[in-house]
1. If Asp158 passes every condition in (1) among the acidic types (Asp, Glu); (2) under 23 Å from Arg97 (Cβ atoms); (3) not in a helix (DSSP H, G or I) but one, which one does it miss?
2. Given the structure, is Leu250 touching a Cys at 6+ places or on another chain (Cβ under 8 Å) and touching a residue at least 40 places away in the same chain (Cβ under 8 Å)?
3. Residues that are under 21 Å from Glu48 (Cβ atoms), outside any strand (DSSP E or B) and either in contact with a Pro (Cβ under 6 Å, 6 or more places away or on another chain) or assigned by TED's automatic domain parsing to the domain that holds Asp120 (or both): does segment 216-231 have at least one?
4. So, Ala59, is that one modelled with pLDDT under 95 and either closer than 27 Å to Ala277 by Cβ or basic (Lys, Arg) (or both) or not?
5. Does Ala96 satisfy the criteria of being surrounded by 23 or more Cβ atoms within 10 Å (Cβ to Cβ), touching a helix residue (DSSP H, G or I) at 6+ places or on another chain (Cβ under 9 Å) and either of a type outside the set (Val, Ile, Thr) or under 30 Å from Glu170 (Cβ atoms) (or both)?
6. If I ask for residues that are within 27 Å of Tyr84 (Cβ to Cβ) and of a type in the set (D, E, K, R), which ones from segment 258-285 would you list?
7. Only residues that are touching a Phe, Trp or Tyr at 6+ places or on another chain (Cβ under 9 Å), surrounded by 21 or more Cβ atoms within 10 Å (Cβ to Cβ) and of a type in the set (Val, Ile, Thr): list them for segment 184-228, please.
8. Mind counting the residues in segment 138-155 that are within 15 Å of His113 (Cβ to Cβ) and not in a helix (DSSP H, G or I)?
Amino acid sequence: MGGLVTVLYRGLARSTTGGARNRSEVNINTMLTERFTNHTRKALKRGEKVVGTMSSHLAFPEAMQMCAMAGLDFVIIDSEHSPYDIFTVRQLISAARLSGITPFVRVPDAQYHLIARSLDAGAMGVMVPRVETKETVEEVVASVKYPPMGRRGCGSIDIQNDFFPVTVAEHVGRANDESLVIIQIESTRAVAHVDELLSVPGVDVALIGPADLSISMGIPGEWRSEPFIKEVTKILDACKKAGVASGIHLPDFETVEFWAQRGMPFLMCSSDVAQLAAGISQLGKRMVGLKGPAGK
């Protein structure tokens with residue numbers, strides 16, 4: 001393989017030339033490095049904010065392309081509250097990777113087989129809901145990482161690497177380096193033990209689930225209330241102390257912006273179906289305004 005090698009990433013063409021075999025091999029390595037780098041994780045480690053949304057109902061690959069073209073860093077594909085099966089999850093992951101946006105999967109529970117299947121489908125990390133104990137966090141990290149960091153088993157590496165020719169050793173090393181571990185803080189019990197949860201090596205992000213946390217507090221949906229803000233601030237401060245990125249997923253931009261201004265780096269807003277519903281609703285109101293007697 002010689003001549004021109006073009007790497008397409010988020011619409012940017014990066015071209016190198018070289019006729020020699022070793023030059024071509026260097027170009028392939030560059031392609032692999034670019035393609036399999038978890039850019040969201042890398043940005044977090046640099047101390048930068050990252051932004052994304054959730055895919056929960058629109059089971060078509062073009063949705064991932066839309067998210068990438070919108071400039072989002074990541075998308076979390078939901079398999080806890082959505083109707084997606086693992087085949088759909090795999091298709092969305094593949095489309096996301098090809099579009100240059102980082103795909104993560106929210107698994108239904110902190111069980112090995114649920115985590116492993118998502119990673120084997122090509123996810124570059126997982127988000128685990130309802131985490132409340134240190135033992136659960138340890139189990140999650142062990143399920144995500146290969147030995148010696150964890151106990152993840154090795155399945156087919158072809159799909160996970162988009163059929164690029166990589167060795168098992170290369171895959172294991174890259175997966176351990178690039179996979180992102182996100183735990184969800186969704187109850188007052190979790191907040192009370194947040195320092196303990198964040199003490200487990202391998203945790204990258206602690207993301208607040210505002211709906212469940214507010215329900216646990218007895219103030220459902222009141223995420224602009226003083227008690228809720230105080231509770232989330234505890235998590236934010238604990239994350240800064242532990243060197244773990246804090247995050248939140250909210251339905252409205254204004255409240256996401258509120259936490260971004262307070263130093264929260266992992267920011268999620270809305271979802272695919274929520275944005276579709278909002279767009280159709282807005283269009284519908286305008287179109288209904290055109291109705292009336294014909295000819296006028």
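1. (3) is the only condition that Asp158 fails.
2. So Leu250 fits the description; yes.
3. Within segment 216-231 (the criterion being under 21 Å from Glu48 (Cβ atoms), outside any strand (DSSP E or B) and either in contact with a Pro (Cβ under 6 Å, 6 or more places away or on another chain) or assigned by TED's automatic domain parsing to the domain that holds Asp120 (or both)), the answer is no, since none of the residues qualifies.
4. Criteria met by Ala59.
5. Values: surrounded by 23 or more Cβ atoms within 10 Å (Cβ to Cβ): yes; touching a helix residue (DSSP H, G or I) at 6+ places or on another chain (Cβ under 9 Å): yes; either of a type outside the set (Val, Ile, Thr) or under 30 Å from Glu170 (Cβ atoms) (or both): yes.
Against the criterion (surrounded by 23 or more Cβ atoms within 10 Å (Cβ to Cβ), touching a helix residue (DSSP H, G or I) at 6+ places or on another chain (Cβ under 9 Å) and either of a type outside the set (Val, Ile, Thr) or under 30 Å from Glu170 (Cβ atoms) (or both)), Ala96 qualifies.
6. Result: Asp272, single match.
7. Val205, Ile208
8. Final tally of qualifying residues: 6.
The values are calculated or read from the model by the stated rules, or taken from the named source; none is laboratory data. What you see is a predicted model, and the numbers here were worked out from it, not measured in a lab. Cβ coordinates were reconstructed from backbone atoms using ideal geometry, including for glycine residues, and neighbour counts include every protein chain displayed.
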